[in-house]
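What follows is a single structure, written as structure tokens, with notes after it.
The values are calculated or read from the model by the stated rules, or taken from the named source; none is laboratory data. Predicted model only: the values in this text are computed from it and were never measured. Backbone-built Cβ (ideal geometry, glycine too); neighbour counts: all protein chains shown. Areas reflect the complete protein model, heavy atoms only, side chains present, ligands, DNA and RNA absent. Shrake-Rupley method; radii C 1.70, N 1.55, O 1.52, S 1.80 Å.
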Amino acid sequence: MSGKLYRAAVVGLSGIGMRRPIEESGNVLGAPMPHSHVGAYSVIPQADLVAVCDIKTDLLDQFKKDWGDVFPNTHT
């Protein structure tokens, strides 16, 4: 892949939106297999998750708790 950085956003954080990878699920690109959209962006070095949104504000808080270590600068 080229040296480009792709900026992305996730709309909707429930269900498949933001689950963390399951450690025992196998290995993809040197990381546990992603089981969500946010998880997929976490294993792609050329992707920068810049924003997430959801109408349920508790999911935005949960995103910060679950993914703040991986995406500390993502806007909610």
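Please tell me if M1 is surrounded by 11 or more Cβ atoms within 10 Å (Cβ to Cβ) and at pLDDT below 95. Taking the combined requirement at face value, the residue does not satisfy it. Taken over segment 4-23, the criterion of being at pLDDT 90 or above, touching a strand residue (DSSP E or B) at 6+ places or on another chain (Cβ under 8 Å) and open to solvent by 40 Å² or more (accessible area, probe 1.4 Å) is satisfied by L5, Y6, R7, A9, V11. State whether the residues of segment 24-34 include one that is open to solvent by less than 70 Å² (accessible area, probe 1.4 Å), part of a strand (DSSP E or B) and modelled with pLDDT of 90 or more. Checked against the condition, which is being open to solvent by less than 70 Å² (accessible area, probe 1.4 Å), part of a strand (DSSP E or B) and modelled with pLDDT of 90 or more, segment 24-34 yields no hits at all.
For residues in segment 38-49 being touching a residue at least 40 places away in the same chain (Cβ under 8 Å) and open to solvent by 30 Å² or more (accessible area, probe 1.4 Å), which is farthest from R20 (Cα to Cα)? Walk me through it before giving the result.
Within segment 38-49, the subset touching a residue at least 40 places away in the same chain (Cβ under 8 Å) is 46-49.
Still in the running and open to solvent by 30 Å² or more (accessible area, probe 1.4 Å): 46, 48.
Details: Q46: 19, D48: 17 Å.
This residue is Q46.
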